[in-house]
Amino acid sequence: MKPTILNREFQHPADGWYQIEPKGEHPNRPAGIVQVIDDEAATAIVNRFNADAAAGTLRHGHEMLIDHEHFASDADKESRAYGWLAELQNREDGIYGRVRWTTTGKAAVDGGDYRFWSTEYDPSDLVPVKNRTNAANASKGTYVRPTRLDGLSLTNMNNNLGQRPITNRGQSNDLRRGADASAAGKQEKQNQRTMMKSVATKLGLSAEASEEAVLAAVTSVMNRAETAEASLGPVKNRVTELETTNQGLMTEQVDALLDAHGVKEEKVRNRLKPVLGALKNRQERIDALGDFGFKLGEVNPAATTQQRKLHNRDTKAPDDAGGAGDTAAENARVIKIQNRACELQKQMPTLSTATAYTMAGREIS
């Protein structure tokens, strides 16, 4: 009889993630403790490792050294790397790790020399578990919850039983690929069902609502959105009209105030208009004009020039020829106040424009 030829080489997980710690209670008799690997422990271990790896604060930077039989912790033994642990993941049945194998490590696991993991935790990272100190459990030891992974080794004498082997024997490559594809298909369908339930509850429906009911609810929401958008058209137009009207009224008010304060010189008016327009209300504009030296109901002789007949004859200057000089001086004063107000607002960002101009006007007499 011819012997059966078996294709049973050691196979790595299809997704490249290895279960390094199964969930459950794992007694460690030499240490006199029971390690509790539950959701709380797994979450703490995974989050701490990934944060340290991302920050590069692990013992070897962004990855953790994987040795064999914990040799790296023994000064008398070698510290050769069999692999590098790059990332952890918390799954329903335990903690999984993504590994970069070295040449030495890959040969060791591919050939079946090592098939299990041995995790390492520092005593300072073990937290006592509450309500696990009764007499029935006393013989097993103190119950503790690890919170940080301190080391990882290859071994064949693992203490935490229930762990999946690093590599499996049995299936041929074709069968294994078929099983992986089937599992992936099931997972995709499960993800779609979960997503559909989330959409249903977001729409105010039952999580078990049919696809037809979800589609009808989505259509209704879309129709309402289109109706609302259409109704906003007149509102937007009205807002634009109001803004235009408001700007026109603002300009008219500023012009009226300048007239009422006797500001006739065009250059002065042009400099004051943007300043007054930026203020909140009419009273602030009146106060600002007062700070500039313009009084309501009075014609400021420094802000205007007297109208004269034009004589094209060489004669002596009129008696009040200094009026033009006064206007130039007032222009200069307005500019100084404006510049000083800007400086004050830079020095004190919370200072209002009206207050800044008031302070500047008092400084520059």
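The values are calculated or read from the model by the stated rules, or taken from the named source; none is laboratory data. This one's a predicted model, so the numbers in the text were calculated from it and none came from an experiment. Every residue, glycine among them, receives a Cβ derived from its backbone with ideal geometry; neighbour counts consider all protein chains shown.
Determine whether Gly185 is at pLDDT 80 or above and within 36 Å of the chain's Cα centre (by Cα).
Criteria not met by Gly185.
Can you name the residue in the range 268-286 that is loosely packed, with under 13 Cβ neighbours inside 10 Å and assigned to a helix (DSSP H, G or I) and is also nearest to the chain's Cα centre (by Cα) among such residues?
Pro274
Quick test of your reading of the structure: Leu161 fulfils all but one of (1) modelled with pLDDT under 90; (2) in a loop (DSSP other than H, G, I, E, B); (3) surrounded by 13 or more Cβ atoms within 10 Å (Cβ to Cβ). Name the failing condition by number.
(3)
Check the range 198-210 and report whether any residue there is under 39 Å from the mean Cα position of the chain (by Cα), in a helix (DSSP H, G or I) and under 30 Å from Asp291 (Cβ atoms).
Among the residues of the range 198-210, not one is under 39 Å from the mean Cα position of the chain (by Cα), in a helix (DSSP H, G or I) and under 30 Å from Asp291 (Cβ atoms), which makes the answer no.
Looking at Gly56, is it small (Gly, Ala, Ser) and surrounded by 20 or more Cβ atoms within 10 Å (Cβ to Cβ)?
no
Take the residues in the range 320-334 that are surrounded by 14 or more Cβ atoms within 10 Å (Cβ to Cβ) and not charged (D, E, K, R); name whichever of them is modelled with the highest pLDDT.
Val334
Asp93: out of contact with any Phe, Trp or Tyr (no Cβ under 9 Å at 6 or more places or on another chain), modelled with pLDDT of 90 or more and assigned by TED's automatic domain parsing to the domain that holds Pro27, yes or no?
The answer is yes for Asp93.
Being closer than 30 Å to Val127 by Cβ, exposed (fewer than 12 other Cβ atoms within 10 Å of the Cβ) and not basic (Lys, Arg) narrows it down to one residue among Glu25, Glu87, Glu69, Glu92; which is it?
Unique residue meeting the criteria: Glu92.
So if I check each of Arg100, Arg48, which one is surrounded by 13 or more Cβ atoms within 10 Å (Cβ to Cβ), closer than 15 Å to Tyr121 by Cα, basic (Lys, Arg) and under 37 Å from the mean Cα position of the chain (by Cα)?
Answer to the check: Arg48.
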